[in-house]
Amino acid sequence: MSIALPTGIDGSSRSMIKVQSISFTEKSWSPLLRLDSKSRSLSVNKRSTICMSLQQASRSKVAVTPLELEYPKETPLNLYRPKEPYTATIVSVERIVGPQAPGETCHIVIDHDGNVPYWEGQSYGVIPPGENPKKPGAPHNVRLYSIASTRYGDSFDGKTASLCEKKILPGVCSNFLCNAKPGDKVKITGPSGKVMLLPEDDPKATHIMIATGTGVAPYRGYLRRMFMENVPNFKFDGLAWLFLGVANSDSLLYDEEFTGYLKDYPENFKYDKALSREEKNKKGGKMYVQDKIEEYSDEIFKLLDNGAHIYFCGLKGMMPGIQDTLKRVAEERGESWEQKLTQLRKNKQWHVEVY
Ligand code: NAP
């Protein structure tokens, strides 16, 4: 038997550390304690959930609570506004990129104690402490972040939300978040946004997710909901296809979690990476997500024709390049991209959150 400890950023059950033999009368299961290895430590916080899973059932999922989060009357929206934000507490801040990554990207877990519920794909606003230099006496402006966890949070109890943030200079908010310590207070607003909500009406649907950098945040939430959590009313059995663009291998975000899904759900998950500073596109330039889209354009267009949802999250600057690529591919296929895009928007298949 194996014991899954869904803690830390991955909460995944990929890396294994042997513990003493546990024997059961009926089967000779191998005794493994599965840990999150990306964080390279067993950082069990007080909210950690321990769940048992059979080794044979590598697809076993984590129990979540409280299940009332599945059945709100409507999408949670703007429960806290900038004038009266909610004061939450930092649980952890963890650097999640390797030494060769240009810049520092952090995974930040925030405790809202169940008071700021949200759905996958929504955002929180963060108001960093201090005075707004442009408006003396007033607080800083709200900075929006896509939430990188499911509604149950990384500890599966509905009390936390996780953010993924790259430290930028002189970014007041990103520095505040990435330098925060457990126990620090953080003012949050929201949740906000409906564009990136995961449509769940058809569990067999296809979801094509395009991300640059920390734009991967909402997809981590979707994928945990699809593949990691045991959610009573969403039994995903469609196709999730993630395209992630980052600078180099050391900059990959949540890679271990995603690679784990590839192993456990090869029929339901595809994962393509564009490493701009490590790989070249066919013209000899930087490998960007749009180059990967071009590579798989036939398949992508077929999936879109069959009703797939496509999502874009990350750098605003990626959209012109992506649109050019899709337009070129459409024309090569004798189709009008403008018409196709209008149709995709009308059918609510096209979801964009870039800034
Ligand atoms: P980044 O590290 O600057 O870039 C990620 C990757 O995108 C790199 O490989 C970069 O390549 C590539 N890239 C640069 N320009 C591109 C273009 N025109 N087309 C396609 N790929 C391009 O990204 P980041 O710092 O993580 O920033 C992500 C962005 O997402 C920020 O603008 C942020 O505001 C936004 N965003 C964040 C969230 C969130 O929740 N954190 C949510 C939504 C949006 P090179 O650098 O090698 O050129």
3 or more residues at pLDDT 95 or above and crowded, with 21+ Cβ neighbours inside 10 Å: qualifying strands (runs of 3 or more DSSP E) within segment 58-176: 86-95, 105-111, 123-127, 160-166
Within segment 115-133, is there a residue that is free of Cβ contacts under 8 Å to residues at least 12 places away in the same chain and more than 22 Å from SER192 (Cβ to Cβ)? yes
For segment 208-226, check the following and say yes or no: at least one residue is open to solvent by 10 Å² or more (accessible area, probe 1.4 Å) and more than 26 Å from TRP337 (Cα to Cα). yes
In this structure, is ASP264 within 16 Å of the ligand (Cβ to nearest atom) and under 19 Å from the mean Cα position of the chain (by Cα)? no
Collect the residues in segment 279-302 that are charged (D, E, K, R) and open to solvent by less than 100 Å² (accessible area, probe 1.4 Å), keeping them in residue-number order. GLU279, LYS286, ASP291, LYS292, GLU294, ASP298, GLU299
Could you list, in sequence order, the residues of segment 298-319 that are more than 23 Å from the chain's Cα centre (by Cα) and in a helix (DSSP H, G or I)? ASP298, GLU299, PHE301, LYS302, ASP305
Can you pull out every residue in segment 209-256 that is more than 20 Å from GLU94 (Cβ to Cβ), hydroxyl-bearing (Ser, Thr, Tyr) and more than 9 Å from the ligand (Cβ to nearest atom)? TYR222
Collect the residues in segment 303-328 that are open to solvent by less than 40 Å² (accessible area, probe 1.4 Å) and within 16 Å of the ligand (Cβ to nearest atom), keeping them in residue-number order. ILE310, TYR311, PHE312, CYS313, GLY314, MET318, MET319, GLY321, ILE322, THR325, LEU326
Evaluate segment 183-203: report whether one residue or more is within 14 Å of the ligand (Cβ to nearest atom), more than 30 Å from ASP272 (Cα to Cα) and either open to solvent by less than 10 Å² (accessible area, probe 1.4 Å) or at pLDDT 95 or above (or both). yes
Residue pairs, Cβ under 8 Å, 6 or more apart or interchain, first in segment 168-187 and more than 18 Å from ASP111 (Cα to Cα), second part of a helix (DSSP H, G or I) and open to solvent by less than 10 Å² (accessible area, probe 1.4 Å). List them. ILE168/SER174
Taking LYS283, is it assigned to a helix (DSSP H, G or I) and of a type outside the set (A, V, I, L, M, F, W, C)? no
Condition first: within 13 Å of the ligand (Cβ to nearest atom) and farther than 18 Å from LYS187 by Cβ. Can you find one or more residues in segment 108-118 that meet it? no
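The values are calculated or read from the model by the stated rules, or taken from the named source; none is laboratory data. As the structure is a computational prediction, the values presented were derived from the model and not from experiment. When we count neighbours, we look across all protein chains shown, and the Cβ atoms used for this are built from the backbone with ideal geometry, even at glycine. These accessible areas exclude ligands, DNA and RNA; they are computed on the full protein's heavy atoms, side chains included. Shrake-Rupley method; radii C 1.70, N 1.55, O 1.52, S 1.80 Å.
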